[in-house]
1. Filter region 83-115 down to the residues that are over 23 Å from residue 53 (Cα atoms) and either of a type in the set (A, V, I, L, M) or in contact with a Pro (Cβ under 7 Å, 6 or more places away or on another chain) (or both) and list them by number.
2. Does region 44-72 hold any residues that are free of Cβ contacts under 8 Å to residues at least 60 places away in the same chain and of a type in the set (Ser, Thr, Tyr), and which are they?
3. How about region 93-108: which of its residues are surrounded by fewer than 17 Cβ atoms within 10 Å (Cβ to Cβ) and modelled with pLDDT under 90?
4. Tally the residues that are under 18 Å from residue 125 (Cβ atoms) and part of a strand (DSSP E or B), restricting the search to region 136-152.
5. If you check every pair at least six apart or on different chains, which have Cβ atoms under 8 Å apart with a residue in region 121-144 that is over 16 Å from residue 87 (Cβ atoms) first and a residue that is of a type in the set (Ser, Thr, Tyr) second?
6. Taking the condition of being out of contact with any Phe, Trp or Tyr (no Cβ under 8 Å at 6 or more places or on another chain) and of a type in the set (S, T, N, Q), how many residues in region 146-162 meet it?
7. Name the residue, out of 63, 21, 25, that is assigned to a helix (DSSP H, G or I), within 19 Å of residue 85 (Cβ to Cβ) and either of a type outside the set (A, V, I, L, M, F, W, C) or modelled with pLDDT of 95 or more (or both).
8. What pairs come out if I take residues in region 87-116 that are closer than 12 Å to residue 71 by Cα and free of Cβ contacts under 8 Å to residues at least 24 places away in the same chain and pair them with residues that are crowded, with 17+ Cβ neighbours inside 10 Å and among the small types (Gly, Ala, Ser) whose C-beta lies under 7 Å away, six or more apart or interchain?
Amino acid sequence: MDMISFRILEKNEADNVLPILFQILHSNMSLIASTGNDYQYDLHCWLNAVTQAIQDETYRIILIYHAAEIVGYFEYSLYSSTFMMCEIQFQKNYQGKGLFRQLYSYLFEIIPPDTLWVEAYSDKQNHKAHGILEHLGLKIIGENKNGLSYHFRGDYHEMLQKYGSISQMNQ
């Protein structure tokens, strides 16, 4: 898929961009993990959480564009020697089109080389996410505090060796 680009969200543009990201999230999650709340309530809760998160210097949101349209996003944190994958969402018509692979090519260019670990949490009921994380080389190492999600971890350099060649092939 051509004309795909990536850009890190700037804090000063959050008010305009975050509602677009929530629309993507809501369209995906309303089918597989509905909260049962109305749209405005979920939007308010999500905006509060993400607005607080972007104040942390370790937290980033990568905007994924096709031409000038935002078609997805990826939230992550970098702390100590760990790359923590938080959330990834694509519009439905862009799922399964190789965006994930292109995203990882981009990430390998911007993640510091001294990173040792890749971590993520995944809802225990989200088997699709489990498969993606396991395909990336992450393994379950525990659960979150409330027991609803698995905690995954993998070696960053092993993932880079496995998928880093993708980055070189696209250059």
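The values are calculated or read from the model by the stated rules, or taken from the named source; none is laboratory data. Everything quoted here is computed from the prediction, not taken from an experiment. Every residue, glycine as well, gets a Cβ built from its backbone with ideal geometry; the counts of neighbours run over all protein chains shown.
1. 99
2. Residues satisfying the conditions are 51, 58, 59.
3. Across region 93-108, the qualifying residues are 95, 96, 97, 98, 101.
4. 7
5. Note: pairs meeting the criteria are 124/149; 124/150; 140/150; 142/150; 143/149; 143/150.
6. 2
7. Residue meeting the stated conditions: 21.
8. none
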